[in-house]
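Reviewing the structure listed below.
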Amino acid sequence: MSSVINQATGLAAGLNVNQWSQIHQATAALNPQQLTWLSGYLAGMAQAVQPNVSMQQDSVVAKFLTILYGSQTGNAKSVAQEFKAKLDAINIPTKIVSMADYKQKQLKTESHVVIIVSTHGIGEAPDDAVALHSFLAGKKAPKLNDLNFAVLGLGDTSYEFFCQTAKDFDKRLQDLGATRITDRVDCDVDYDADVAAWFDTITHQVKDELSAKRAKSSQSVIPSLNVHPSAVVASQYTKKAPYTATLLESQKITGRDSVKDIRHIEISLEDSGIQYRPGDALGVWFKNDIRLVDELITALGLQRDDSISWSGDNYSLHNVLVNKLELTQSYPAFATKYAEYANNVELNALLDDKSVLRGYLAQRQIIDVVRQYPAKVNAQQFVDTLRMMTPRLYSIASSQAEVEDEVHLTVALVEYDAHGHGHQGGASGFLSTRLDEGGEVNVFVERNDNFRLPDDGNTPVIMIGPGTGIAPFRAFMQQREAEEASGENWLFFGNPNYTQDFLYQTEWQRFVKDGIVNKVSLAFSRDQEQKVYVQHRMIEQGAEIYRWLEQGAHIYVCGDANHMAKDVQDALVHIVIEHGAKSDEQAEQYISDLRRAKRYQKDVY
Ligand SMILES: Cc1cc2nc3c(=O)[nH]c(=O)nc-3n(C[C@H](O)[C@H](O)[C@H](O)COP(=O)(O)OP(=O)(O)OC[C@H]3O[C@@H](n4cnc5c(N)ncnc54)[C@H](O)[C@@H]3O)c2cc1C
Ligand SMILES: Cc1cc2nc3c(=O)[nH]c(=O)nc-3n(C[C@H](O)[C@H](O)[C@H](O)COP(=O)(O)O)c2cc1C
């Protein structure tokens, strides 16, 4: 009966009998969850094409606000979705599109665009934004005299090139003739208040015009479902509403004599219904170390029970410092506010030179600054110098095809002595040493569609993952094994010593034995006099890498962003020049074509 109704509805919607029969065949074997996903996916596709329909009907200007976001680790995407929901609630016609899915030439038909974009690498555009960013910078960028725009940047003032990508978009759109709706806002890590103010300004500016345009326009087609396809399968648990999971296991997987302490972490997601895919990251909220908080309170001459108000609620000083505020990273905004109470000439001088200040803070936690420059400050004043803690992300090291309702991570414990005291990283210390097995940890999945196995299981894969960079490749191989994918797999791994630091050694040996992994190239830097890193192994194997690439291999890089990712990229360029007989320029083009085809993907941090 329902099939008859559906067929009638389908035919009424313009499907012919043949199309209806194909759809029926293709969906007959799907379970309810798959059908739900598919319905959202198709709606998302409709969203992507509908603006074009609208443009055909009215090619001068679109009649809605387009929110374009470029995000790497999900923040800009969440902010964009939040803005969309707010505008929907007051009936401002809006669509939301990831820059990765945006047809660049459409820009010149838009009337109102807001750009919400983060910055990554060393002042670089997030992967999703690279194509649009370089299109706008290039000669083919159109004149945009009819466009009204605004830019919101997400970044981190600890980086030298703060919100650089937002600055680039803002300047370029202006140069191309577009008109600002309001000035660009560059947000630091604690962006909620700035974002809310920016939302209000834009809403105020566009409300009348867009609502009026909508009323006048009988032609305009406003997409009714503005959820990006990737959001459809999103879990109910998010960064702001995480799932309280249980730590199952935290096991050191580096040897007793290793210079590194790396943990294999297993977390239960039981009953949460959370789904993730290899390539995704897990967001982890942590608690600060109680000993650190006590030392800080003592250093400040304050009391644990001092009462403070924070974000509209009352807390004890101890509680808010353990659970809410960032203590293990320091940052320029803290130094600036704290300096008012420290009243110290040396600290004030540091504030005058941004790059010196950044270098100083990179080596110090909040408590180091407090110890070095004591201040006369009360509990409320001190709390007001601090920013809210941010969850840390960890590349997921498991596939649900293998571990079902668990999620595994590979976490390097940040632990060091400095300024006469021992220090630990906030989240890595929590997961590795402070949280007991069976204890609770708040988590959420951060999707990363820019780090995905090829759709075709026959496609060969090259994985470059030294150190904790190995994590997502363990997930990749679990997935490929479960899917019985026949494509070849090649791992490049490195760490200081073979006997101490070969992470998941027995698992990789088993993958090799079972024919899942076809090649492993190892670089243990300290096992010989001269340091050897993965990029050196790549150069040695250059001819073979090039052959794999020519056969369609996808290449993945995970791990250290500061040095490794750049050295690996240089090695790749070198390989293409040498084994592809290409000029420098052609090799750069080859690599950027790989990137554009999503065959060269990075998950670096
Ligand atoms: C997408 C993504 C994926 C990631 N995946 C992984 C992963 O799989 N595994 C993993 O281990 N990490 C991963 N990370 C990094 C992770 O998110 C955290 O940044 C890392 O664990 C440190 O966090 P923490 O809270 O322990 O340390 P924090 O509290 O953030 O402290 C780190 C700070 O301590 C300071 N510091 C560190 N060492 C020293 C030193 N020797 N001297 C002086 N100061 C120092 C530095 O200022 C540094 O910024 C990933 C990051 C991203 C963005
Ligand atoms: C590896 C890495 C590099 C970053 N580089 C910069 C940078 O150069 N400039 C900046 O302002 N912020 C930088 N950031 C901070 C991000 O822009 C910030 O965390 C932002 O909220 C991320 O938004 P997204 O999740 O939408 O990508 C970097 C973050 C990471 C993890």
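Just so it is clear, none of the values below were taken in a lab; they were calculated from the coordinates. In this text the structure is predicted, and so the values were computed from the model without any measurement. Don't worry about glycine lacking a Cβ; one is built from the backbone with ideal geometry, like all the others, and counts go over all protein chains shown.
Using 0.36 nm per residue, how much length does the chain from ALA26 to SER486 gain when fully extended, once their Cα-Cα distance is taken away? Before the final figure, lay out the partial values.
Values: separation 460, 0.36 × 460 = 165.60 nm, distance 2.45 nm.
Value of the extension gain: 163.2 nm.
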Would you pull out the residues with amide H under 5 Å of PHE149's amide H, same chain only if 5 or more places away, H placed 1.01 Å from N?
VAL113, THR179, ARG180, ILE181
Antiparallel DSSP beta bridges within the range 392-497, as percent of all bridges there, nearest 5:
55 percent
Debye, to nearest 20: dipole size of the range 442-534, +1 on Lys, Arg Cβ, -1 on Asp, Glu Cβ:
260 debye
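For the chain, what proportion of DSSP beta bridges, expressed in % and rounded to the nearest 5, is antiparallel? Walk me through the numbers before you get to the answer.
Details: 37 of 79 bridges.
That works out to approximately 45 percent antiparallel.
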Can you list the HN-Hα couplings for the range 320-333, worked out from phi with the Karplus curve (6.51, -1.76, 1.60; θ = phi - 60°), rounded to whole Hz and with x for Gly and Pro?
5, 6, 6, 9, 10, 10, 7, 10, 8, 10, 10, 7, x, 5
What lysines sit close enough to LYS354 to cross-link, taking a C-alpha to C-alpha distance under 21 Å and skipping anything fewer than 8 places away on the same chain?
LYS167, LYS337
Eigenvalues of the alpha-carbon gyration tensor of the chain, times 5 and square-rooted, give semi-axes in Å, largest first, of 39, 34, 26
What percentages, rounded to whole numbers, describe P(r) for the range 57-224 computed over all alpha carbon pairs with 5 Å bin width beginning at zero?
1, 9, 19, 23, 21, 15, 7, 2, 1, 0
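As an exercise, use a Förster radius of 41 Å and the Cβ-Cβ distance of ASN314 and ILE122 to find the FRET efficiency, rounded to the nearest 0.05. Don't skip to the answer; put the middle values down first.
Values: r = 42 Å, r/R0 = 1.02.
The calculated FRET efficiency here is 0.50.
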Which order do TYR338, TYR498 fall in if you start with the one that has the fewest other Cβ atoms within 10 Å?
TYR498, TYR338
For the range 520-544, list residues with backbone N below 20 Å from a point placed 7 Å from the Cα of VAL259 toward its Cβ?
522-537
Report the charge-dipole magnitude of the chain in Debye, nearest 20, computed about the Cα centre from +1 at each Lys and Arg Cβ and -1 at each Asp and Glu Cβ.
1740 debye
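Can you give the relative contact order of the range 497-605 as a percent, counting alpha carbon pairs under 8 Å and 6+ residues apart? Please report the intermediate quantities before stating the final value.
On the way: 98 pairs, mean separation 26.6, N = 109.
With pairs under 8 Å counted, the relative contact order is 24 percent.
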Can you list the residues, at least 5 places off or on another chain, whose amide H is less than 5 Å from the amide H of THR254, using H built in the peptide plane?
ILE262
Please tell me the relative contact order of the range 290-385 in percent, rounded to the nearest whole number, where contacts are Cα pairs under 8 Å and at least six residues apart.
37 percent
About the Cα centre, charge dipole magnitude for the range 57-224 (Lys/Arg +1, Asp/Glu -1 at Cβ), debye
1020 debye
So for the chain, taking the charge dipole from beta-carbon charges (+1 Lys/Arg, -1 Asp/Glu), which of ILE122, HIS554, ALA197 sits furthest toward the positive end?
ALA197
Tell me, MET388, MET477, MET564 in order of fewest to most beta-carbon neighbours within 10 Å?
MET388, MET564, MET477
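Which order do ARG452, ARG447 fall in if you start with the one that has the fewest other Cβ atoms within 10 Å? Let's see the in-between values first.
Numbers: ARG452 18, ARG447 21.
So the ranking, lowest neighbour count to highest, is ARG452, ARG447.
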Based on alpha-carbon centroids, what's the gap between the range 488-543 and the range 132-201 in Å, whole number please?
42 Å
In terms of modelled amide H atoms, which long-range or inter-chain residues lie less than 5 Å from the amide H of LEU154?
VAL117, SER118, THR119, CYS187
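Hey, with R₀ at 30 Å, roughly what FRET efficiency would HIS574 and GLU82 work out to, going by the Cβ-Cβ distance, to 0.05? Can you show the working numbers first?
Values: r = 44 Å, r/R0 = 1.46.
Efficiency at R0 = 30 Å is approximately 0.10.
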Largest first and to the nearest Å, give the Cα extent of the range 452-605 along each principal axis.
41, 41, 27
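Relative to the present Cα-Cα distance, how much length would full extension add between ALA581 and ASP455 at 0.36 nm per residue of separation?
Working: separation 126, 0.36 × 126 = 45.36 nm, distance 2.98 nm.
Length gained, ALA581 through ASP455: 42.4 nm.
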From the helices alone, meaning DSSP H stretches of at least four residues, give me the mean residue ellipticity at 222 nm for the chain, per-run term -39500 (n - 2.57), in deg cm²/dmol to the nearest 500.
-12500 deg cm²/dmol
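Given the convex hull of the Cα atoms of the range 527-575, what is a quarter of its surface area in nm²?
Numbers: hull surface 15.6 nm².
Dividing the Cα hull surface by four gives the mean projection, 3.9 nm².
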For GLN372 and ALA401 in the same chain, what is the full-extension length gain: residue separation times 0.36 nm, less their Cα-Cα distance, in nm?
5.3 nm
Inter-probe distance in nm under a simple model that places probes 7 Å from Cα toward Cβ, at ASP384 and THR244:
3.2 nm
Which residue, chosen from SER583, LEU247, TYR315, occupies the Cα position most advanced towards the positive end of the dipole of the chain, where the dipole is computed from +1 (Lys, Arg) and -1 (Asp, Glu) charges on Cβ about the Cα centre?
SER583
Taking a label point 7 Å from the Cα of LYS519 along the Cα→Cβ vector, which residues of the range 526-546 have an amide N closer than 13 Å to it?
537-546
Please work out the Cα center distance from the range 553-571 to the range 374-420, rounded to the nearest Å.
24 Å
Using θ = phi - 60° and the Karplus form 6.51 cos²θ - 1.76 cosθ + 1.60, what ³J(HN,Hα) does each residue of the range 507-514 get, whole Hz, x for Gly and Pro?
5, 5, 5, 5, 4, 5, 4, 7
Amide N of the range 543-582 lying under 16 Å from the label point, which is placed 7 angstrom from the Cα of LYS598 along Cα→Cβ:
553-557
